[in-house]
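Inspection log for the structure reproduced underneath, given as C-alpha cells.
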Ligand code: KE4
C-alpha cells in the first residue's frame, strides 16, 4: 500500500502536536511504524489520506457500533446544528436522553452528562468518596478508567501499550489512595479490604476488561466483588464506558446480571461525539451539586449536538434489539474463522470474546488478567497487525486493546479478515 501522504502528514503533525497525535494509543508506538491518517469513513470502512480502504475493527475505540456516517445520526446532527451548537443552559433534549438511558439500563435513578469517559469515571470516584467519606479506592491492574490522576496507577490501554510503569506528575499523595489488585483475583481484594478497614470508598472495575485485550470476569468474580461491597459499605462502580450499550441495551449490568452502585458511560453514548455520563441510585446521586456538595461541572456537558448524536444511536439500539444478535453473530463468525485457521496451523493462541468485544492473544495460556495478557507474544501480534493493515484490515494498534465490531460489517468483510489472518499464519 502507498502511505506517502500519511507519512508526510505524520511528520508535519509532529511539529505541532505531541507525538503527532491527540491520543497516544493512535501513534502506533507499540506496533511500530507510523500511523495512517484517516480522511473519511463510511459504514464498516475507513479511507486514509492515500485513498486506501480498511475494514474497521476499532470503530473509534467503540462508539461507532452502528457503523460510520450512519444516516439517521448524520441527518440528526445536520438538523440540530442549524439551531446553534451550545447554549450553556438546560434543554429538553438532555431530559430525553436521560429518560431514554434510564429506560435502557438498571440501577440508574439519576444520570449526569459529562464530556468523556475520563470525566465520568473521575466524577463517579469523587462522588463515591463524598458519599462514603472515605478516601481510598481499589482499581485493577490493566484496567483503564481514563487519564485522571487517581487512575494512572498500573493502568491499561495506552499506559500499558507504552509500558509506562510510573506516570510522572501523579503525586505520592494521590497514588497512596489508589489500591491495586490483579483482575479476577477476589482474594487480593479481600486482603486489601482487611488491610484498610473502613477506608475504602469504592471498587471501580471494567465488568469486562477491554484495555488489556478483552478479558472476561471469571464465574463468580463480579458477584464476589458485589458481596464484598455490600459487606463493607463500599460502592461498586462499574466502568461501562466500553461495555455500555455495546454488550446489551442494559450493558454489562444486564448481560452479566450484576448491580452497580454507580455506573459510568462513554463512547456509544455519544455516537462518536464527546459525551460521557455517570449515574446511579438517587440517594447517592443527590450528593452531586447543585443538590449536594460534591462539585462537578462542565461548560459543554449535555451539549445539544452530542446529545442528538447519542440519542439517535441509543434510540436505534433501544428500538432494534436484534442489532445485538446481529453484532454477536458477526463476532462469533469472526471468532470461529480465526480459531479454525489458528488451530489448523497449530499456532498457540487464545481468543477472548463476549458480545462484539473480541481479542486475539498469541499464547498457549488462558488470558485472565494483565500479567497473562502481557505474557503473550506481543511482537507476533505487532507483525500480525501490520500484515493485516497492508491487506486493508485495520485492527487496534496494540495487543492491549479489545477489537470492536460494528453492525455495518458484512460476512464478506469478516471472511476477508479471516482470509487475511490465514495468509499471515501460512507465512509463519
Ligand atoms: P475517554 O476519556 O477516552 O473518553 O474514556 C476513558 C475510558 C474510560 N473507561 C474505559 C473502560 C475506557 O476504555 C476508556 C477509554 N478507552 C480507550 C481505548 N482503550 C480510549 C482510546 C484512547 O485513549 O485514545
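Normalised by the number of residues in the chain, what is the relative contact order in percent for Cα pairs under 8 Å and 6+ residues apart?
After rounding, I find 23 percent.
What does the C-alpha gyration tensor say about the overall shape of the stretch 244-309? Classify as rounded when a/c is under 1.5, otherwise prolate if a/b is larger than b/c, or oblate.
It is oblate, given that a/c is not under 1.5 and a/b is not larger than b/c.
Starting from 0.36 nm per residue, how many nanometres of slack lie between residue 102 and residue 84 once their C-alpha separation is accounted for?
Net length gain for the segment: 3.8 nm.
Send over the Kirkwood Rh of the stretch 52-177, from the inverse of the averaged 1/r over different Cα pairs, rounded to one decimal Å.
18.1 Å is the Kirkwood radius here.
Between residue 22 and residue 365, how high is the FRET efficiency from 1/(1 + (r/R0)^6) when r is the Cβ-Cβ distance and R₀ = 30 Å? Nearest 0.05.
Once rounded, the FRET efficiency stands at 0.25.
If you restrict to DSSP beta bridges whose two residues both lie in the chain, what percentage is antiparallel, to the nearest 5?
If I count the DSSP bridges inside the chain, around 60 percent turn out antiparallel.
At residue 318 and residue 411, where each label point lies 7 Å from the Cα along Cα→Cβ, what is the point-to-point distance in nanometres?
Distance between label points: 3.3 nm.
Just grab the label-to-label distance for residue 92 and residue 167, each label 7 Å out from Cα along the Cβ direction, in nm (one decimal).
Modelled inter-label distance: 4.1 nm.
Cβ neighbours within 10 Å, averaged per peptide: list 34-42, 343-351 in order, most packed at the top.
In descending order of packing, they fall as 34-42, 343-351.
Rank-order 315-323, 51-59 by packing density, defined as the average count of other C-beta atoms within 10 Å over each peptide's residues, highest first.
Answer by packing, highest mean first, reads 51-59, 315-323.
Counting DSSP beta bridges in the stretch 71-319, what percent are antiparallel, to the nearest 5?
Of those bridges, close to 40 percent are antiparallel.
Please give the FRET efficiency for residue 53 paired with residue 8, using the beta carbon to beta carbon distance and R0 = 22 Å, rounded to the nearest 0.05.
0.65
Test of understanding: what is the full-extension gain from residue 375 to residue 289, defined as 0.36 nm times their sequence separation minus their Cα-Cα distance?
26.5 nm
Counting alpha carbon pairs within less than 8 Å and at least 6 residues apart, what relative contact order, in whole percent, applies to the stretch 286-428?
In percent, rounded to a whole number, it is 23.
With contacts defined as alpha carbon pairs under 8 Å and 6 or more residues apart, what's the relative contact order of the stretch 71-319 in percent?
That works out to 31 percent.
Label residue 419 and residue 336 with points 7 Å out from Cα along Cα→Cβ: what is the distance between them in nm?
1.9
Tell me the mean residue ellipticity at 222 nm calculated for the chain from its helices only (DSSP H runs of n ≥ 4, each -39500 (n - 2.57), averaged over every residue, nearest 500).
Computed mean residue ellipticity for the chain: -11500 deg cm²/dmol.
How big is Rg to Rh over the chain, alpha-carbon atoms, Rh as the Kirkwood inverse-mean-distance radius?
0.95
Can you pull the Kirkwood radius for the stretch 71-319, inverse mean 1/r over Cα pairs, to one decimal in Å?
It works out to 18.3 Å.
Expressed in nm to one decimal, what extension gain is obtained for the pair residue 231 and residue 299 from 0.36 nm per residue of sequence separation less their Cα-Cα distance?
Between residue 231 and residue 299, full extension yields an extra 20.6 nm.
Values quoted throughout were computed directly from the atomic coordinates according to the rules given, and no laboratory measurement underlies them. Here the structure is a predicted model, which means the values were calculated and not measured. Cβ: placed from backbone, ideal geometry, glycine included. Neighbour counts: every protein chain shown.
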